[in-house]
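Engineer: Mind having a look at this structure? Questions to follow.
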Amino acid sequence: MNPLELSPISDLHSIASPIEEWNSDKDELVKEMFRFMRLHQGVGLAAPQIGYPISLFVVEYPLGIFYVVTNPKITLRGKMVSEYEGCLSIPGANFLVPRNSQVKMSFIWPYRGLTTIRASGYLARIFQHE
């Protein structure tokens, strides 16, 4: 696999394709995404950010807790709260962004199947950002 690079911001406006099948290429992509995310001191990274227009993102939060998320659907939202966020695609910039304080999200976790999670606070913010 080639070293990952961030895609131009203009590439992030497209809708990602759902993942229909998991394979070893995606296992390798996930490993590289976590490596890249840590190298750049991020807590989440979406596949479209690095040129893969598929519905996949990874999160490590808190430290040592890993999520591999495909085809996410937010099914419940809490009240809106504005907080500052950074983004690996815009290094060094922070913006005040309104997001839901809580979310309930369903997704496919490779090798585990359909998963539903309730998240609040910073983890809910990360899921929505990605």
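The values are calculated or read from the model by the stated rules, or taken from the named source; none is laboratory data. All values reported here derive from a predicted model rather than from experimental measurement. Counting neighbours? That spans all protein chains shown, and the Cβs are built from the backbone with ideal geometry, glycine included. Protein only, heavy atoms only, side chains kept; ligands, DNA and RNA dropped before computing areas. Shrake-Rupley method; radii C 1.70, N 1.55, O 1.52, S 1.80 Å.
Engineer: Quick check: anything in the range 50-72 surrounded by 19 or more Cβ atoms within 10 Å (Cβ to Cβ) and part of a helix (DSSP H, G or I)?
Structural biologist: Pass one, the range 50-72, residues surrounded by 19 or more Cβ atoms within 10 Å (Cβ to Cβ): 50, 55-59, 67-70, 72.
Those still in the list that are part of a helix (DSSP H, G or I) too: 50.
Yes: the range 50-72 contains one or more residues that are surrounded by 19 or more Cβ atoms within 10 Å (Cβ to Cβ) and part of a helix (DSSP H, G or I).
Engineer: Six or more apart or on different chains, Cβ atoms under 9 Å: show the pairs whose first residue is in the range 4-33 and within 12 Å of Asn71 (Cβ to Cβ) and at pLDDT 95 or above and whose second is charged (D, E, K, R) and open to solvent by less than 80 Å² (accessible area, probe 1.4 Å).
Structural biologist: Hits for this filter: Ile19/Lys26.
Engineer: Within the set of pairs 6+ apart or on separate chains, which have a first residue in the range 53-78 that is within 20 Å of Asp25 (Cβ to Cβ), a second that is open to solvent by 40 Å² or more (accessible area, probe 1.4 Å) and among the polar types (S, T, N, Q), and C-beta atoms under 9 Å apart?
Structural biologist: Pro53/Ser14; Pro53/Ser17; Ile54/Ser17; Ser55/Ser17
Engineer: Do we have Leu45 as buried (at least 16 other Cβ atoms within 10 Å of the Cβ) and not aromatic (Phe, Trp, Tyr) here? Write out each step before concluding.
Structural biologist: Working: buried (at least 16 other Cβ atoms within 10 Å of the Cβ): yes; not aromatic (Phe, Trp, Tyr): yes.
Spelling it out, Leu45 is indeed buried (at least 16 other Cβ atoms within 10 Å of the Cβ) and not aromatic (Phe, Trp, Tyr).
Engineer: Still on this structure: State which residue pairs qualify: first residue free of Cβ contacts under 8 Å to residues at least 60 places away in the same chain and open to solvent by less than 20 Å² (accessible area, probe 1.4 Å) and inside the range 116-130, second residue of a type outside the set (D, E, K, R) and assigned to a helix (DSSP H, G or I) in any location, beta carbons under 7 Å apart, and separation of 6 or more residues or different chains.
Structural biologist: Qualifying pairs under 7 Å: Ala119/Phe127.
Engineer: Only residues that are part of a strand (DSSP E or B), hydrophobic (A, V, I, L, M, F, W, C) and loosely packed, with under 12 Cβ neighbours inside 10 Å: list them for the range 80-112, please.
Structural biologist: If we filter the range 80-112 for residues that are part of a strand (DSSP E or B), which is where we start, we get 80-86, 94-100, 102-109.
Remaining after also requiring hydrophobic (A, V, I, L, M, F, W, C): 80-81, 95-97, 103, 105, 107-109.
Listed by number, the residues that qualify are Met80, Phe95, Leu96.
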